[in-house]
Structure formats: C-alpha cells, structure tokens
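Have a look at the structure below, then the notes.
The values are calculated or read from the model by the stated rules, or taken from the named source; none is laboratory data. These numbers come from a predicted model, not from an experiment. Virtual Cβ from ideal backbone geometry, glycine too; neighbours counted across all protein chains shown. Side chains are part of the model used for accessible areas, which takes the heavy atoms of the whole protein and leaves out ligands, DNA and RNA. Shrake-Rupley method; radii C 1.70, N 1.55, O 1.52, S 1.80 Å.
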Amino acid sequence: MQAHFLIITGMSGAGKSQVVRTLEDLNFFCIDNLPATLIPKFAELCRQTEEKNVALVVDIRGGRFFDQLLGVLNEMEASGQKFELLFLDASDETLVRRFKETRRRHPLGRTNSLLENLQTERNLLEPLRKRATHIFDTTTLKAAELKERVIELFCEDKQNNMGIVVRSFGFKHGLPLDSDLVLDVRFLPNPFYVKELRNQTGNDLGVVEYLCRYPQTMEYLRLEQNLLDFLIPQYINEGKSQLVISVGCTGGQHRSVYVANKLYEHLRSRGYDVEVSHRDSQFWRK
C-alpha cells in the first residue's frame, strides 16, 4: 500500500479543514498549521516511527514561517524526501461568500478589505500553486463532493474505509441514538417464553437452535443480507465513514443478539471492517 506524506496548502476558505477531517477518517495522522521549518524534522520522525500516512496543513496563518515553505520543499526534494503537495483554490467570489457566511476574519487581518487580502494571499501562494502535485478547485464543490475527491485520491481500499457496527438492543431500553439503520426483529418467535431459555441470550446454543427451527428466521436473514449487500457499497460510494446497524427486539436479549451476530458474520465474510456489540444483553446475564 502506498504511503503518503502530504502537505496541504491553498487559499483561506477553500476547504482545507474539510480535507483534513476526511483524511483523519482515512487514518491519516494530521497536523494543522505546522511551521514550515519543522517539516523536515517531522518527516524524519515519521520515518523513524514508520508512520504511513501523514498530512500537514501549512498556510498563510504561519506568518513569517510560511514564507520559508518553498525553500523547505526545495531542500526536501534535493534530499530525496518524497512528498505530495495538495493545493486548494476557489474563486474570489466564492471565498468572499464563505467568509461572510462564517463571519471569520481573513488571516491577513483587518487593515485591508477582504478582497485585497485575498489578492495578496493569491499572489503569495502562486509559486506553490505552480509546484502542486494536486490542485482542487472547490468553487462549485459541495462538502460531500470534496470528500469524495479526497477519498478517490488517497484511499487505496475504499471498502475498508467505512467502519460498520452491528449492535443489538432492546426497544424497551430505548433506541440507540447513533443508529443509521434500525431493524425490528420482534416478529420472530420469542425464546423468552421458553422457561429453560429465559435467562440465556442469543449467544447461547439453545437460543440459536430454537430460532433456527423457524423458516421465517432464515428467510429474514437471507433478505436482510441481500439488502445490506446492496446498500453498503452505496454508502461507501457516498463517502460515509461509519455505518451503525441497530437490531432490536423487545428486551435485547435473545432475537436481536442472534440476528446481529449473523449479520456480523455475513459482513465479515464480505471483507468489511465490522464489529458487533450487544448493548442490553448484560441486563439478562446471571
């Protein structure tokens, strides 16, 4: 897998913060507003610690330290240090609108008008723009589109970029607030009414064998697995970083635990980054 040492710069308001948030979701080690003179030392530290993917934001906020960035890049290139330079840009009209919406001050201060500061910044950044490995013009990009561009460029394994959590729960204890998909399995036969199974959970063989006797259990699993096989690639393409699938029965003890386990096994067999948890089954363990 390719390692990335990425330096991010560009116009204020062009989307650097959004790019960093996306890279963090991709397990990049990110540092914002690092003085340019520290980049070579940090690069050496990364080599010693075998840090694979690193992203550094260096921009006009660095003041006099930023002025040294071009020289630092030349030194790194001469020494054989590999790096990528991502430059983010947008039209003046777009940047003005974004500053007005966020009510933030331009890093160059209040002495000049916003447009004058943007023009000064653009002139200062022009040598870096010419040097850039990648240029993103975010003038017409929505946040989701910018995220997709970053993922396409820096994520080698899109399937494992999205983390999936399958969680069982009991409706009587409340719906998990972070759920993306909620599956209701209260229609399945309830082992709670079988005396010898009452204090077991869906992790126990007795409950598993009981639920597997019923054809509706197996048919539901088949249909649900087919649905997830369709949905999950769509979520990945949309750029979603985490998907929480909550499976609920009445108490969160038997049916939801069993179904959550089966969905976890299915998704794991498909190669997804998935984990399973049982929120309410601890209420029943004796």
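Some notes on this structure:
- Mean Cβ count within 10 Å, highest first, over the residues of peptides 218-229, 79-90: 79-90, 218-229
- GluC sites (Glu not before Pro) within region 1-62, DSSP loop, no more than 14 other Cβ atoms inside 10 Å: Glu50
- In this Cβ point-charge picture (+1 for Lys and Arg, -1 for Asp and Glu), the chain has a dipole of about 880 debye about its Cα centre.
- When the chain is described by a simple charge dipole with +1 on each Lys and Arg Cβ and -1 on each Asp and Glu Cβ, the residue from His134, Met218, Ala36 located farthest towards its positive end is Met218.
- Ordering of 239-247, 253-261 by packing [mean C-beta count within 10 Å, highest first]: 253-261, 239-247
- Accessible area per residue for region 68-175 is 57 Å², calculated with a 1.4 Å probe on protein heavy atoms, without ligands, DNA or RNA.
- Working note: 222 nm ellipticity from helices only, DSSP H runs with n ≥ 4, each -39,500 (n - 2.57), summed and divided by the residues of the chain, gives -13000 deg cm²/dmol to the nearest 500.
- Given the choices (1) 6, 27, 34, 22, 9, 1, 0; (2) 6, 23, 22, 16, 15, 11, 6, 1; (3) 6, 29, 37, 21, 6, 1, 0, P(r) over Cα pairs in 10 Å bins from 0, in percent derived from the coordinates of this structure is entry (2).
- Cα gyration tensor of region 103-190 - equivalent ellipsoid semi-axes, whole Å, descending: 48, 20, 9
- For Val247, the residues whose amide H sits under 5 Å from its own are Arg167, Ser168, Phe169, Leu183, ignoring neighbours fewer than 5 places away on the same chain, with H placed 1.01 Å from N.
- Net dipole in debye of region 46-132 [+1 Lys, Arg Cβ; -1 Asp, Glu Cβ; about Cα centre; nearest 20]: 360
- Unit charges at the beta carbon, dipole of region 165-286: most positive-side option, Leu197, Phe169, His266: Leu197
- Carbon and sulfur %, accessible surface of the chain computed with the full protein complex present, 1.4 Å: 49
- Looking at region 7-51, the accessible area is 48 square angstrom per residue; that uses a 1.4 Å probe and ignores ligands, DNA and RNA.
- Largest first and in whole Å, the equivalent-ellipsoid semi-axes of region 1-142 read 27, 17, 13, each the square root of five times a Cα gyration tensor eigenvalue.
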